[in-house]
Amino acid sequence: MIAVARLAILVGIAGLIPFIAMIAGLFFMPQHGVALIGYFYLYSAGVLAFMAGVYWPIAMQLDNCSYPVSPLVTMLLSQVFFVAAGIGLLLPTSGQVLLYTTAYLALYLVDAGWMRAYWPVWYLRLRLVLTSVVVVCQLSATAWLFLIPAH
């Protein structure tokens with residue numbers, strides 16, 4: 001049987017593959033750039049919405065807790081990130097750049113700050129690595145959009 005930590009690490013790293021592949025595609029197959037950037041932000045939204053869902057089970061276990069980690073705050077955080085993921089899909093690409101980069105950073109800060117007591121140390125380390133790679137990919141998409149001419 002595989003340990004939860006190992007499974008989470010494998011799934012987390014596998015989840016980075018589409019981010020990295022689409023960014024590589026932007027630079028190595030610029031003729032497909034418009035489609036790739038669309039897929040990149042669609043995937044960004046999906047992963048952000050998925051990650052937002054982790055707060056619901058925690059909220060259901062927080063009956064007698066108070067701010068900042070109360071059931072209400074935890075469920076609201078879940079909804080804020082979920083709605084941000086959806087709204088991002090409606091924005092022009094320049095808005096997606098800002099929204100998804102900010103949302104991924106904020107999600108990590110919430111986990112490392114307010115939610116720290118609910119996560120094992122290995123998970124926060126994993127999240128730091130995964131978030132760092134995703135943010136670098138978001139910034140790379142930004143560079144492609146605004147710095148690379150004729151796409």
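The values are calculated or read from the model by the stated rules, or taken from the named source; none is laboratory data. These numbers were taken from a predicted model, which means no experiment stands behind them. Here the Cβ positions follow ideal geometry from the backbone for every residue, glycine too, while neighbour counts run over all protein chains shown. Accessible surface is based on the protein model in full, side chains and every heavy atom, while ligands, DNA and RNA are left aside. Shrake-Rupley method; radii C 1.70, N 1.55, O 1.52, S 1.80 Å.
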Is there a residue in the range 93-102 that is over 14 Å from the mean Cα position of the chain (by Cα) and not polar (S, T, N, Q)?
-> yes
Right, A117: in contact with a Leu (Cβ under 7 Å, 6 or more places away or on another chain), at pLDDT below 95, open to solvent by 20 Å² or more (accessible area, probe 1.4 Å) and closer than 24 Å to L10 by Cα or not?
-> no
Out of all the residues in the range 127-136, is one or more of a type in the set (G, A, S), part of a helix (DSSP H, G or I) and under 26 Å from G25 (Cα atoms)?
-> yes
What number of residues within the range 88-114 are modelled with pLDDT of 95 or more and farther than 23 Å from V136 by Cβ?
-> 1
What pairs come up if the first residue lies in the range 79-96 and is closer than 14 Å to Y43 by Cα, the second is open to solvent by less than 80 Å² (accessible area, probe 1.4 Å) and polar (S, T, N, Q), and their beta carbons are under 6 Å apart, counting only those six or more places apart or on different chains?
-> G88/Q96
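Looking at this structure, is V97 farther than 27 Å from I20 by Cβ and either open to solvent by less than 40 Å² (accessible area, probe 1.4 Å) or in contact with an Asp or Glu (Cβ under 6 Å, 6 or more places away or on another chain) (or both)? Step through it out loud before you land on a result.
Values: farther than 27 Å from I20 by Cβ: no; either open to solvent by less than 40 Å² (accessible area, probe 1.4 Å) or in contact with an Asp or Glu (Cβ under 6 Å, 6 or more places away or on another chain) (or both): yes.
Considered against the rule, which asks whether it is farther than 27 Å from I20 by Cβ and either open to solvent by less than 40 Å² (accessible area, probe 1.4 Å) or in contact with an Asp or Glu (Cβ under 6 Å, 6 or more places away or on another chain) (or both), V97 comes out as no.
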